[in-house]
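This report concerns only the one structure given below.
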Amino acid sequence: MRQVYMDYSATTPVKKEVLDAMLPYFTESFGNPSSIYTRGLESKEAINAARAKVAELINANPAEVFFSAGGTESDNWAVFGVADAMKDKGNHIITTKIEHHAMLHSCEFLEKRGFEVTYLGIGPDGRVSLEELEAAITDKTILISVMMVNNEIGTVQPIKEIGEIAKKHGITFHTDAVQALGNVEIDVKDMNIDLMSMSSHKIYGPKGIGGMYIRRGVKISNYLHGGAQENKRRAGTENLPGIVGFGKAAELAKANYEEHVKHCSTLRNYLIEEVLAKIPDTYVNGTMDYRHPGNANITFEYIEGEAMLLMLDSMGISVSTGSACSSTSLVPSHVLTALGIPVEKIHGTLRFTVGDFTTKEDIDYVVESLVKIVTTLRGISSVNEKKGW
């Protein structure tokens, strides 16, 4: 049976070049980077080389890049670190209703401890209003956090303009760039970003390793306490193979950026055109003007997305219903809810994301399979309606 992976926003396979770069650091070059003998110094050098590669991808100074366990830790670090460091200035945070749960749950935690959080809505295109954002600012606002690219509908937020607003008001600006890294151009200096979360496994690197960009001079407390690793910013023995892999993945992402975006957007557009042309009562959620190059979030009316997902899986096709992080939950997607989509239509929505290893033949197979599945499920739905079920 043909196997087609269409969930690159959930995770990506590790590229061979990345794996090859990592392997020596499991067995041969395994020294603790904190040790001052040769093996340790070699490991430290490998970490700094990876740090420079990640920094180059986002146009940062290497000294402003700190490694973490992933995007979730980095999001938590941003929220709790700023809340602690700036608590004497204020207790108000501005974010959006469509953030990743790593951000939303962190903000909810702070709300229970006396902080105030404003959750901005989004327009029909899936983007926040700059006017509403600026109007929400108070003299107690200490942090603005808006994700760069949404993980469900793929919409790209006006990050540079948000950064300018934050800078004008003297407020720290954080963005979750986990889905953006390697998929949209990022220049932390030009975009006025103070803090930025990153993850390796979204750019063909290993899982369990991510990063945080911290602009020099930004006030933020440490999230993990212990040793003096990461320039005394993030305690814990470094994930050496993971960091090396992240660095190599970042290097490849920068070198292959234009080819990657062209490949993904071409296949994504082809998928959408084929689905909308061959399957009636389907539509794409979110704008196509500012969008992740590989994301196609599509609603299929009159059927359940979970049933579609399972039938696709039986045909060797991997996709996601809503957010990959909550695909096991029957709770309607908070992102699609914020977009104003009715609950019954949310449950008929699938997220397809293509990547570097997706082919046109893969798309053809997926569309062919979808036509069969939708026809079958809508037929069952029609029979049930006639029976009064």
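Quick rundown of the values:
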quantity	calculated
Extent along principal axes [Cα atoms of the chain; Å; largest to smallest]	73, 53, 33
Overall form of the stretch 99-231 per C-alpha gyration tensor (a/c, 1.5; a/b vs b/c)	rounded
Contact order relative to length of the stretch 163-270, as percent, for alpha carbon pairs under 8 angstrom and 6 or more apart	22
For the stretch 251-378: rounded, prolate or oblate by the Cα gyration tensor [a/c cutoff 1.5]	prolate
Cross-link reach list, aspartates and glutamates versus residue 167, counting only Cα pairs under 17 Å and skipping chain neighbours closer than eight places	131, 132, 134, 139, 187, 190, 194
Residue of 291, 234, 39 that the Gaussian network model of the chain assigns the largest fluctuation, springs spanning Cα pairs under 10 Å	39
Nearest-ten-degree value, helix 38-58 long axis tilted from longest Cα axis of the chain	50
Global form of the stretch 176-237, assessed from the alpha-carbon gyration tensor, a/c cut-off 1.5	oblate
Cα centre as origin, Lys/Arg/Asp/Glu Cβ charges: the chain dipole, Debye	680
Principal-axis tilt of helix 71-85 within the chain, Cα atoms, nearest 10 degrees	50
Using alpha-carbon coordinates, inclination of helix 159-168 to the longest axis of the chain, degrees	40
Pairs from 44/202; 189/360; 89/248; 53/140 whose Cα-Cα separation, in the structure shown, is over 28 Å	189/360; 89/248; 53/140
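Values quoted throughout were computed directly from the atomic coordinates according to the rules given, and no laboratory measurement underlies them. In this text the structure is predicted, and so the values were computed from the model without any measurement. Positions of Cβ are backbone-derived with ideal geometry, glycine not excepted, and every protein chain shown enters the neighbour counts.
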